[in-house]
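First the structure, in the form of structure tokens, and then the observations on it.
The values are calculated or read from the model by the stated rules, or taken from the named source; none is laboratory data. Everything numeric here is computed off the predicted structure, so don't read it as measured data. Neighbour counts are summed over all protein chains in view; Cβ atoms, including those assigned to glycine, are modelled from backbone coordinates with ideal geometry. Just so you know, the surface numbers come from the protein's heavy atoms only, side chains and all, with ligands and any DNA or RNA stripped out. Shrake-Rupley method; radii C 1.70, N 1.55, O 1.52, S 1.80 Å.
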Amino acid sequence: MSSISLLKKSAGLVLEKKKLTNVTARVGLVLDISGSMRKLYKNGTVQRVVERILAVASQFDDDGALDIWVYDNEFSRLKPVTEHDFEGYVDQYIINNDLIHKFGRNDEPPVMADVIQKYTTEDRSKDPAFIVFINDGGCKRTIKKPVAASSDKPLFWQFVGIGDSNFEVLEKLDEMDGRYIDNANFFHIKNIETISDNELYDLLLNEFPDWLKEAKEKNVIL
């Protein structure tokens, strides 16, 4: 059985446990590509992250595509990845792509604005968007504005902190007021390579069911 098939099996088990097997959602992945992430791009960790999140997209999304963004102080919206072209995706489309600005400082709001624009303006759908946002620390306090601005939109932000840095801003997401509904969650993984697939998927999908329920009750999604 291929690695992606095994990942899909693990994701499927967690979806079943959380009663999400009948949910259709679009899935996006936003990847920090600031300077401190360089090693994780070079050693294959980010490629593995793409594959693990792709397995979720293949369960949730009718076309099985995972939308990808990378950002430092600039951002790029990349070609979606599928089961047919995921191998070597990070090398080909990110590391060896001279058009991608990489390994600078981090600035989250511009890429978040582009994510919101794609799912609420350019590519509107009856299906909600589930956004996995990978960050290795030092997230700007100004992320509060796009999170709050999208709280009445069919879009859920799942922030994932990796490594040993400061995640103070993300840790306080649940305390953020001024939102129509709670549309964001955060968890921290010191080493994303050592966490099991089942545990990762369990954390990723922990608050999404609650958001779906409230979003339906408040007519954010149909």
Legend entry - Spin-label model distance (nm) - Lys172 vs Ser5, 7 Å beyond Cα toward Cβ: 4.9
Legend entry - Mean projection area, nm², convex hull over Cα of the range 55-157: 7.0
Inset, instruction - Give the distance, in whole Å, between the Cα centre of the range 118-190 and the Cα centre of the range 35-113. - result: 17
Inset, instruction - Identify which of Asp177, Asp136, Asp91 has the largest mean-square fluctuation in a Gaussian network model of the chain, with springs joining Cα atoms closer than 10 Å. - result: Asp177
Inset, instruction - Would you pull out the residues with amide H under 5 Å of Lys140's amide H, same chain only if 5 or more places away, H placed 1.01 Å from N? - result: Glu108
Inset, instruction - Can you tell me the FRET efficiency between Asp202 and Ser165 if r is taken as the Cβ-Cβ distance and R0 is 35 Å, rounded to the nearest 0.05? - result: 0.90
Inset, instruction - Please build a GNM for the chain, connecting alpha carbons under 10 Å apart, and tell me which residue among Glu108, Glu171, Glu16 fluctuates the most. - result: Glu16
Inset, instruction - Considering Cα pairs under 8 angstrom that are at least six residues apart, work out the relative contact order of the chain and quote it in whole percent. - result: 20
Legend entry - Area accessible to solvent at Ile94, 1.4 Å probe radius, in Å²: 0
Legend entry - the chain: calculated mean residue ellipticity at 222 nm from DSSP helix runs of at least 4, using -39500 (n - 2.57): -9500 deg cm²/dmol
Legend entry - For Phe133, residues with placed amide H under 5 Å, excluding near neighbours: Val30, Gln158, Phe159, Val160
Inset, instruction - Determine, from the Cβ-Cβ distance of Gln92 and Glu193 and an R0 of 22 Å, the FRET efficiency 1/(1 + (r/R0)^6), rounded to the nearest 0.05. - result: 0.55
